[in-house]
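Below you'll find the structure I mean.
The values are calculated or read from the model by the stated rules, or taken from the named source; none is laboratory data. What you see is a predicted model, and the numbers here were worked out from it, not measured in a lab. Neighbour counts are summed over all protein chains in view; Cβ atoms, including those assigned to glycine, are modelled from backbone coordinates with ideal geometry.
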């Protein structure tokens with residue numbers, strides 16, 4: 001596959017990942033779980049980032065250097081996860097009554113959960129690789 005074909009598969013993966021992220025956000029909204037106790041923070045952000053980290057860990061081991069790794073990791077996971085919304089959530093928490101410690105705590109928990117999910121996904125990927 002040439003560079004143009006590889007770019008096309010990455011873009012396609014990004015489109016699918018973004019649509020899946022939107023579907024997760026809609027699902028949270030439809031069950032009334034769209035907000036944490038803090039004003040404006042969406043729990044779906046936490047969920048997609050942790051799931052995306054686990055999938056990225058799995059893909060990094062399962063696909064190695066195959067042609068599917070980039071579309072899944074760069075494309076799908078890049079479109080599915082959302083660092084920018086995490087940053088907005090952290091500032092939203094922190095700006096409310098000056099709760100910077102709570103905002104930093106949420107960021108730390110999100111990063112720690114993402115790292116744990118990545119390592120777990122990677123181990124699952126190792127076990128699943130022939």
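Scan the stretch 10-29 and give yes if some residue there is in a loop (DSSP other than H, G, I, E, B) and either modelled with pLDDT under 90 or out of contact with any helix residue (DSSP H, G or I) (no Cβ under 8 Å at 6 or more places or on another chain) (or both), otherwise no.
No, the conditions are met nowhere in the stretch 10-29.
Here is a further query. Given the criteria assigned to a helix (DSSP H, G or I), within 17 Å of residue 52 (Cβ to Cβ), over 11 Å from the mean Cα position of the chain (by Cα) and in contact (Cβ under 8 Å) with a residue 12 or more places away in the chain, does residue 90 qualify?
no
When residues of the stretch 100-122 are filtered for being over 18 Å from the mean Cα position of the chain (by Cα) and touching a residue at least 24 places away in the same chain (Cβ under 8 Å), how many remain?
Selection size over the stretch 100-122: 1.
With the condition kept exactly as written, say whether any residue in the stretch 66-76 is more than 21 Å from residue 21 (Cα to Cα), part of a loop (DSSP other than H, G, I, E, B) and in contact (Cβ under 8 Å) with a residue 12 or more places away in the chain.
Among the residues of the stretch 66-76, at least one is more than 21 Å from residue 21 (Cα to Cα), part of a loop (DSSP other than H, G, I, E, B) and in contact (Cβ under 8 Å) with a residue 12 or more places away in the chain, which makes the answer yes.
Could you list all residues from the stretch 92-122 that are within 30 Å of residue 62 (Cβ to Cβ) and exposed (fewer than 14 other Cβ atoms within 10 Å of the Cβ)?
108, 109, 111, 112, 115, 119
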